[in-house]
Amino acid sequence: MRFYGRILLTTALVAFVARAAPLSAQTQTTDQGLLRIDSLKVTGNVRLATPVVLSDFGIRPGDVVTSNKIQRGIQRLYASQQYEDVRVYAVGGDGGEVTLIVEVVERPYIVNYQFRGLEHIGAGGIRDTAGLSSDAPLDPSAVHSASYHIRSELSRRGYVRAHIDTTFQPTAREGEYVLVFKVTEGRRLVVAGIEFEGNQRVGAHDLIGAMRIKPEGFWWWQTGEFREDDYALDLEANLIEFYGSRGYLDFQVLGDTMIVDPTSGKTKIVINVDEGRQYRIANFEVEGNSHFPTELIEARFDPRSRSLLSRLPLVGGGGGEGDPVFDTHQWQEATDQVRQLYRNAGFLYSQVEPVVERLPDGEDGQPRVGLRWRIVENQQAYVSLVNIGGNTNTHERVVRERLLMIPGDVYAEDRLISSFQSIQGLGFFDPLPPNEAVDIRPNEEQNIDITFRVSERQTGNVNFGASVSPSTGLAGFIGYQQPNLFGQAKSGSFRWVFGSRSNDIELSYTDPAIFGSRNSAGVSLRNSRDRFGFIGLGRRRQIGGSVFFGTPFLGARWTRLTIRYSLFRDEFDSDEEELDLEQRQLLNVGTRSSVEFRVTRDRRNHPLFPTNGSRNTVGLQFVGGVLGGDGDYRKLSFESEWFTPIANLRSDPTQTPIDLALGLSLKGGVIVGDNPFFLERFYMGGVQYGPPLRGYDELSITPFGHVPRDAPGFSQLDRVGESFFGMTANIGMNLGGTVYVNAFYDAGNVWASSFGFNPTDLLRGFGIGVSVVTPVGPLGLDYAYGIDRRDVFGRPDPGWKLHFRFGQIF
């Protein structure tokens, strides 16, 4: 659709005549160049009243005007965006009166916009992007922008042959319309095949593998979808980078052709390339370095460290013997590593310039390059100030204790990132994009002022409701939890769970920094009644509590020694008929008095969804004996968790990152001595009790292997053991700090005694899971496949199992 307008600008006054004459650039002025207006008349207006038009025009009867004033009046009318055309005439009467006639053509008034035939993009996004305003005069530029946006978005999705028409649909009121975009999307382009012309050294299969656009294939994910942006990136960057990694510095795309079947949308792409020659490295040197030895820097780039497969002629593009092939991708990565090396050492203003010099061909006729890092170190930068902002509730001391960099330290980028992650790991703040969370400003002395910004989140939660699980049956709960009491990272909680199978009251308080020191302490009290009827063990009543004291282990910042004393009274009442007298006596337990020594080192970047760091802990618990109470045994337990990032799927510093990480967890324990407390042994299976082993029912992992809960003739007391080992490997994605999605592999087992401990004899399971942080704690669902499951007759019976988790991540 096109819009045409006519503008007649008045540049002079006319000597009025008996008939109307337009004010045009060719009209002559009077001697004085002035004209007195006796009256004004408006014609052509439909929607807008005459006073409204004259008010915008700005000239009233009796005004003495010049041509410039009339011109400004016309400009004001156009500026109101109400008119498509404006013309001004002067009419003179026989008595010398002058009437100024303002003739307007109004723009159509658009009451609404409609989009017909649009299926693959939303109309709301088009309105917002193009600025289409309903109940307003037509804006031709916005309509053009909307049409362009529709074509662009459809093209990105493979609909490159879309056609758009715009029509006015009249309404009941004159001059008002609905503007309709009639869109014919056409067939989506499907890439049926990609061919290359001019490629002599690299096969088409490898080239397609380097592209984002892929031809359709047998599997459901091989859709062959054509996306214009990705295709442009393939031609302008991906293919060039691919050839560059194989030494072809002169590679170029000469052209491309798309052959489209208009009926089916099937498309064949033909790309014409010129590979050029393959360059090898003749020499490599470093200059300008003084802080780091040359050998250390050179170790960042070793062209002969490429894999054997990448150096084979048919795979890597002809590495062969002699000088190594120049890999531009490896060269750039190594350059970035050297730059990072200097930034981590405080050389914030250092410059590492990669120089690639083309040399004469070698004796074998192969082209050569000489490589050099030209380094300008400049002076080291020191941290002058570290500011904390945005902490409206949390004390600044709590945040500063998480920092790895203080004023006077040499600036180090790796410690800056670790400090940022450590602050987020407190769990008191909402995630912020990195460019908002950390502000780095050089000062006049060329040192650094750093500001860490946080956004407080609501940490205290009153929670109540109902839950159902195999252990508690139907139960209600009410509680309060505050991990940041008084803004000082002290934690307190109260929880009451009540139902037909349970009546559990817990109180706890922890101070991580007693009197502002690095020592911690806490206390917890519990009075509970649990019914274990679902495995035929009756009821247990437990009352008691514990106190603990923690301190840095040998002065280390991230390693702590915790000493905990616990005192509990257990009473067990079983009226299950299947239990004989000896088994009933085993469940008649008494008082547990214990002290535990535990050493923990925690360097994870997040307490719930870590993507980097590790947590290692080992504990030794003494129960009974000289401590009084019943029993006399020792319990040794350990746990090790390791996390490493794989990829950052959202690296935009203005958005909260999305991280993909690999995690590995190992845990185990043994009991040695006289342990009369049945439920203080180890059990496994499911996710509700003990270490998780997903894909299996609760407590179905026994010293005899997997035994279903309803297996006939199997005593429930034989489901526990005095040693266990479990492991979990997972690949997880942290979606902004509140959602965690992962794929996992579990393995584990329990053994009847500490002597039977055998980490090579494990039952296995794998699956997928999702966890979400809610006001009542982390909630999760896992769907897992138990590989070594058996039926009640001991026959292999692998299968899937759905698990609901509360308070656990994986």
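Key figures for this structure:
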| read-out | value |
| --- | --- |
| Net charge of neighbours whose Cβ lies under 14 Å from the Cβ of Pro360, counting Lys and Arg as +1 and Asp and Glu as -1 | -1 |
| Residue list for segment 486-500, given a label point 7 angstrom along the Cα-to-Cβ vector of Leu525 and an amide N cut-off under 19 Å | 491-498 |
| Loop chymotrypsin sites (Phe, Trp or Tyr not before Pro), segment 160-190, which have at most 16 other Cβ atoms in a 10 Å radius of their Cβ (DSSP) | none |
| Coil-residue trypsin sites (Lys or Arg not before Pro) of segment 99-203, DSSP, other Cβ within 10 Å capped at 14 | Arg173 |
| Mean Cα-pair separation over length for the chain, i.e. relative contact order, pairs under 8 Å, 6 or more apart, % | 5 percent |
| Cα long-axis angle, helix 67-79 against the chain (0 to 90 degrees, to the nearest 10) | 30 degrees |
| DSSP-defined beta bridges in the chain - what % are antiparallel, rounded to 5 | 85 percent |
| Label-point separation in nm, Ala136 to Glu241, each point 7 Å along Cα→Cβ | 4.0 nm |
| Nearby lysines by direct alpha-carbon distance to Lys69 (threshold 20 angstrom, same-chain neighbours under 8 apart not counted) | Lys41 |
| Estimated FRET transfer efficiency when R0 is 60 angstrom, pair Tyr783-Val46 (beta carbons, to 0.05) | 0.40 |
| Under 5 Å, built H, 5+ apart or other chain: amide partners of Leu608 | none |
| In degrees, nearest ten, helix 328-344 long axis to first principal axis of the chain (Cα) | 70 degrees |
| Beta bridge orientation in segment 152-285: antiparallel %, DSSP, nearest 5 | 70 percent |
| Gain on full stretching of the segment that runs from Asp63 to Ala79 - 0.36 nm per residue minus C-alpha separation | 3.6 nm |
| Karplus 3J(HN,Hα) series, Hz, for segment 394-400 with 6.51 cos²θ - 1.76 cosθ + 1.60 (x for Gly, Pro) | 6, 5, 4, 4, 4, 6, 5 |
| Segment 334-356-segment 234-283 distance, computed between alpha-carbon centres (Å) | 31 Å |
| Dipole axis of the chain (+1 Lys, Arg; -1 Asp, Glu on Cβ), positive-most option in Val670, Ala299, Ala489 | Ala489 |
| Stretch gain in nm, segment His120-Gln332, where the contour uses 0.36 nm per residue and the Cα spacing is subtracted | 72.4 nm |
| For segment 361-423 and segment 163-198, distance of Cα centres in Å | 50 Å |
| FRET efficiency, Ile543 to Phe714 (Cβ-Cβ, R0 22 Å, nearest 0.05) | 0.10 |
| Extension gain (nm, one decimal) between Glu396 and Val355, 0.36 nm per residue minus Cα-Cα | 10.1 nm |
| FRET efficiency, Leu660 to Asp414 (Cβ-Cβ, R0 25 Å, nearest 0.05) | 0.80 |
| Lys/Arg +1, Asp/Glu -1 at C-beta; the chain dipole; positive extreme among Ile423, Asn447, Phe744 | Ile423 |
| Residue-averaged 222 nm ellipticity for the chain, from DSSP H runs of 4+ at -39500 (n - 2.57), nearest 500 | -4000 deg cm²/dmol |
| Set of aspartates and glutamates with alpha-carbon distance to Lys801 below 18 Å, sequence-local pairs under 8 removed | Asp697, Glu698, Asp710, Asp746, Asp782, Asp788, Asp791 |
| The chain, Rg to Rh (Cα coordinates; Rh as Kirkwood inverse mean 1/r) | 1.11 |
| Derived scalar couplings ³J(HN,Hα) [segment 595-602; Karplus, 6.51 cos²θ - 1.76 cosθ + 1.60; whole Hz; x for Gly, Pro] | 10, 10, 10, 9, 10, 10, 10, 10 |
| Exposed GluC sites (Glu not before Pro) absent - longest run of the chain, DSSP non-H/G/I/E/B, at most 10 other C-beta within 10 Å | 579-810 |
| Cleavage-rule hits (chymotrypsin sites (Phe, Trp or Tyr not before Pro)) in segment 713-800: DSSP loop, at most 13 neighbouring Cβ within 10 angstrom | Phe793 |
| Between 0 and 90°, nearest 10: helix 140-156 axis offset from the chain longest Cα axis | 40 degrees |
| Sum of side-chain charges, Asn238 neighbourhood, beta-carbon under 11 Å (Lys, Arg +1; Asp, Glu -1) | -3 |
| Taking segment 188-307 and dividing mean pair separation by its residue count, relative contact order in percent (alpha carbons under 8 Å, at least six apart) | 28 percent |
| Spherically averaged projected area in nm², based on the convex hull that wraps the Cα atoms of segment 742-795 | 6.0 nm² |
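Any read-out appearing in this document is the output of simple, stated calculations on the displayed coordinates, not a laboratory observation. Everything quoted here is computed from the prediction, not taken from an experiment. Cβ atoms come from the backbone with ideal geometry, glycine included; neighbour counts cover every protein chain shown.
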